[in-house]
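Contents: one structure, followed by commentary.
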Amino acid sequence: MSKHSKKHKREAQEAAISASRENDQERKDSPTTHNTGEGEVSHGTKHQKVLAKFQKSMESQARGETQKQTAILDDHQNEGDVELHGLEPLPQPEPVTEPEFIPTFTSLPSWISNPITVSSSAKKAFTEMSLDEKTVATLSQRGYTEALAIQSAVIPMLLGPAHLRHSDLCVAASTGSGKTLAYILPMVEDLRSRPIRKLRSLIIVPTRELVSQVSKVAEQCISGTHLKIGTAVGAVPLLNEQEALIERGRQFDPEGWKSLQDKAQRRLLYGDVDVQEDVRMLEDAVRMLPDHVPVYSSTVDLLICTPGRLIDHIQSTNGFSLDDLEWLVVDEADRLLDESFQQWVDVIMATLETSRPTARNRLLAELWLPPEKRNIQKVILSATMTRDISKLGSLRLRRPKLVVVEGVQTTNVSDNSASTVGDRGNELPTTLRELAIPVGDGLEKPLYLLRLLRSDVFVAEKVTEVEDFPRQFEEDASSGPTNETDSLSELGPTTPDSASSAEPYGEPSTEEMDKLAVPAVDVGFDIFNKDSHVPPPQKCTDDIHPGTAANVLIFTNSNENATRLSHLIGILHPPYAGLTGVLTKSSTSSTGKTVLGAFRRGKTSILIASDRASRGLDLPHLSHVVNYDMPRSVTAYIHRVGRTARAGRPGTAWTLFTSTEARWFWNAIARTPEVIRQRPVQRKRLDAVVISAKQKEEYEEALGELQRAVHGDQS
Ligand SMILES: Nc1ncnc2c1ncn2[C@@H]1O[C@H](COP(=O)(O)OP(=O)(O)OP(=O)(O)O)[C@@H](O)[C@H]1O
């Protein structure tokens, strides 16, 4: 029933009820009326009225019903006009095209979204840079006459007296672009004229290898000055470092001695000690002559350290103080800020903000005035600089500026047009060539690696072996991998899931592959030819690394994989055994030094390493990097491949990817707009790594040998 008709019905009912009530009432009020003729007349009139009302209401309801029925009839008639269709989709209107959303705002602060950009070709002669003549001479002895782009931009910003430098600097420039000299040169220029030795500069880096590398560069830069450099790394006993960094003396100071004695007594009696520093001082004070107090002085002007060890010194080395600090450099900043390392940022910032115990500050304190502000020049660097403002904010930067080097115009590899300069991707060196090799399910990855080493890294070997390439092998190559190799999976050095990225993997489409593919190489050889002699190190004969000794850094995802792979290479191809070094997280400092030294001197030409070696390590003549295990992030990839193609030299990076890793690799690494590269990653097939029955047998034997070596079972 329609709303309308309901209403009328209700009205009629109400009218009827009210009329009947009125009648009842009247009957009650005058019980005699129904007996009189007048009363009957009055009743009749009323009933007529009520009846008229009721009829009116019913008519109106009937009219409403009729209208409704007419409307329904009309609807039914109209149905006859409806066009009947089959199951094919109905034509749809054109979707409304909405204008592309181009943000006119950025959530980044303007110093990040509008950085100072430096062209990679902007180079200056060191002689034009107001550097000390001796420094220029030292640089020229090393063969450096021209400052690289980032150095040409940053050095002038950091040169000059402290009161004229008003900004802290963040520097984002690709791996191998020369960031180390960009901060060390102005720092040394600033400190060289200071007559008194104080700890004025602190350089924080993430690994002990980097501490040693940066200190070597710094040592060269300070030659001819009175400056002294110290290092602090976790691998060295703390006590040795304390003795090397702090000189302990004594001073005649009866009042000071008395105050120390009082404190010592209070401590003894009540356990009352004001500050931790006093406790440590008391320990020295008890060994002093009467009326003398200990005094401490720094033995170094510049300290290069890892964050953990720095905190150890701040918290437990008598006399270690950052009161005189003027320079704070954080290299590989994104890595250091990502990992908390005993809350190092908070501890250091708190230490730097404690007011210095100077006479001026004491006077200011007496006048209830704030202590004088410290003027510490902070320089924060990385090839993959974080734009995370909360992390950068923890460093309490003063009027910061971001300097970026633009080596590559935005390329066809990624359409990065919407991104602003500040949040554009990280750049790879322009001289880097990247290739990727599919390795199927990954079960024969060691064989692919060997093949790669012998065909593309140590090129000289390829030339002879291609000539001797046996026809039989060609036939084996075309047969494809067989299921029999599956049994090797448990023993193989890595399994396909060794890359522990959470991203979904999958093969890219054929179309994607076609776009990315480069012509497959069709060379092959017997990788098991143990008798073939490898004269190390060999000269590259290709046009990419002309005349340089070939060497390769191979990355695995764990120490265990690195060690196993090195054993396996030695077993599968004994001539490589003596040429291979392993650098893992667990290598001791001295082992690490020996391994790196041998590699740098060319005694070994294959270095297998975990990601410990990916950050900042400078192996100037490294010709190849191989990602044997898939890196865990795009940042890890950038730092790994950045060990080659440094300072404008050519370099090649190879990545082995399994079919489950393929999609992630191409999407997240090879084609991501986060990475700015000059040329796309090329796909290269090493099809000939297909195993004959004999080779498979030898491979299994090698794996068995490896397993026996691991379990110490020589039977
Ligand atoms: N002015 C120069 N001329 C020639 N070579 C230079 C110059 N400055 C630095 N180099 C060389 O460039 C290489 C890379 O320098 P450096 O290690 O400082 O790079 P980086 O930017 O810190 O790299 P990463 O981000 O990987 O740590 C080194 O081998 C260094 O000796």
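Brief remarks follow.
- Taken one residue at a time, the phi angles of segment 367-372 give Karplus couplings (6.51, -1.76, 1.60, θ = phi - 60°) of 8, 6, 10, x, x, 5 Hz. Gly and Pro are set to x.
- Atom-type composition of the exposed protein surface of segment 319-372 places 55 percent of the accessible area on carbon and sulfur (1.4 angstrom probe).
- Estimated at 0.36 nm per residue, the fully extended path between Asp346 and Gln67 surpasses their Cα-Cα distance by 92.3 nm.
- Remark: segment 146-272 carries 44 Å² of accessible area per residue (probe radius 1.4 Å; ligands, DNA and RNA excluded).
- In this structure, the amide hydrogen of Leu619, modeled 1.01 Å from its nitrogen in the peptide plane, lies closer than 5 angstrom to no residue at least 5 positions away or on a different chain.
- Local electrostatic count at Asn559 - Lys and Arg +1, Asp and Glu -1, tallied over other residues with Cβ under 14 Å: 0
- 3J(HN,Hα) along segment 132-139, derived from phi through the Karplus expression 6.51 cos²θ - 1.76 cosθ + 1.60 where θ = phi - 60°, amounts to 4, 4, 5, 4, 4, 5, 4, 5 Hz, with x in place of Gly and Pro.
- Rounded to the nearest Hz, the phi-derived 3J(HN,Hα) couplings of segment 561-578 under the Karplus curve 6.51 cos²θ - 1.76 cosθ + 1.60 (θ = phi - 60°) are 4, 4, 5, 5, 5, 4, 4, 5, 4, x, 6, 6, 9, x, x, 7, 4, x, where x marks glycine and proline.
- Residue-normalised accessible area of segment 551-648, expressed per residue, 1.4 Å probe, Å²: 29
- Accessible-area composition of segment 572-673, carbon plus sulfur, in percent [1.4 Å probe]: 55
- Burial order of peptide ranges 166-172, 558-564, 311-317, 192-198 (average beta-carbon count within 10 Å, highest first): 166-172, 558-564, 311-317, 192-198
- For Val330, the residues 5 or more places off, or on other chains, whose built amide H falls under 5 Å of its own are Ile204, Val379, Ile380, Leu381.
- Across the accessible surface of segment 132-228, with the other protein chains kept in place and a 1.4 Å probe, carbon and sulfur atoms take up 54 percent.
- Other residues within the sphere of radius under 15 Å centred on the Cβ of Ile155, judged by their own Cβ, net out at +1 (K and R +1, D and E -1).
The values are calculated or read from the model by the stated rules, or taken from the named source; none is laboratory data. The shown structure was predicted, so the numbers you read here are calculated from the model rather than taken from an experiment. Glycine gets a Cβ as well: all are built from the backbone with ideal geometry, and neighbour counts include every protein chain shown. Heavy atoms of the whole protein, side chains included, go into the accessibility calculation; ligands, DNA and RNA do not. Shrake-Rupley method; radii C 1.70, N 1.55, O 1.52, S 1.80 Å.
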